[in-house]
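> Here's a structure for you.
Nothing in this text is a laboratory measurement; each read-out follows from the coordinates by a stated rule. Not measured: the values here are computed from a predicted model. Note that each Cβ is placed from the backbone with ideal geometry, even for glycine, and that neighbours are counted across all protein chains shown.
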Amino acid sequence: MPLPELKGTLTDIGTEELNHLEMIGAIVYQLTKDLTEDEIKEQGFGDYFVDHTTGIFPQAAAGFPYTAASMQVKGDPITDLHESMAAEQKARTTYDNILRFCDDYDVKDPIRFLRAREVVHYQRFGENLRLLTDKLNEKNFYAFNPSFDKKCFKNELKKKKK
């Protein structure tokens, strides 16, 4: 990110997202730690149990493990901010879906909190996108990648000042 305030937002939200993983892991652990072998089988956790017992292993509901491959970073600040905004909306939708299936308020309350944070993150990324585009040449801000072509970015800023 070419602007210090954008870097700060990414650091803050990235740190908070790691905390989200920790909170979800704690919820899953609390829900599964005392399961019996029969309950594990009945609830469809047999395959998971074979690999991880009741340890927390981040994976999607469909069973595939979380990897960094889901982060579609391009190195272009505009593209990456749009991707971050989309990721926040996808997380919000996932939390909405969990709330549709869940009737345990000890689970629903933290999920509602996490959902609200995703909305705030989306808003912060949107604000950062506006800050970034305001610094670029409004008529041509998709024509180059300022983090890759710094010389072009500096030249565009100089032209804008004239």
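> Highest mean first, how do 100-108, 15-23, 63-71 rank when packing is the count of other Cβ atoms within 10 Å averaged over residues?
Going by the mean number of other Cβ atoms within 10 Å, highest first, we get 15-23, 100-108, 63-71.
> How big is D for the chain, in µm² s⁻¹ as a whole number, if Stokes-Einstein is applied with the Kirkwood radius of its Cα pairs at 4 °C and 1.567 mPa s?
70
> Could the peptides 34-46, 85-97 be put in order, highest first, of the mean number of other beta-carbon atoms found within 10 Å of their residues?
Most protected by this proxy first, the peptides run 85-97, 34-46.
> What list of ³J(HN,Hα) values in whole Hz, one per residue of region 2-13 in order, does the Karplus curve 6.51 cos²θ - 1.76 cosθ + 1.60 (θ = phi - 60°) give from phi, with Gly and Pro shown as x?
So the Karplus estimates, Gly and Pro as x, are x, 10, x, 5, 6, 4, x, 4, 4, 5, 5, 5 Hz.
> Turning to a different aspect of this structure: Answer with one residue from Ile98, Tyr48, Leu31: the one whose Cα lies farthest towards the positive end of the charge dipole of the chain, charges on Cβ with Lys, Arg +1 and Asp, Glu -1.
Ile98
> Show that you can apply the helix-only estimate: for the chain, add -39,500 (n - 2.57) for every DSSP H stretch of four or more residues, divide by all residues, and state [θ] at 222 nm to the nearest 500.
Dividing the helical sum by the residues of the chain leaves -23000 deg cm²/dmol.
> Gln59's amide H: which non-local residues (gap 5+, or another chain) put their own amide H closer than 5 Å, with H modeled 1.01 Å from N in plane and none for Pro or chain starts?
Hits under the 5 Å cutoff: Tyr66.
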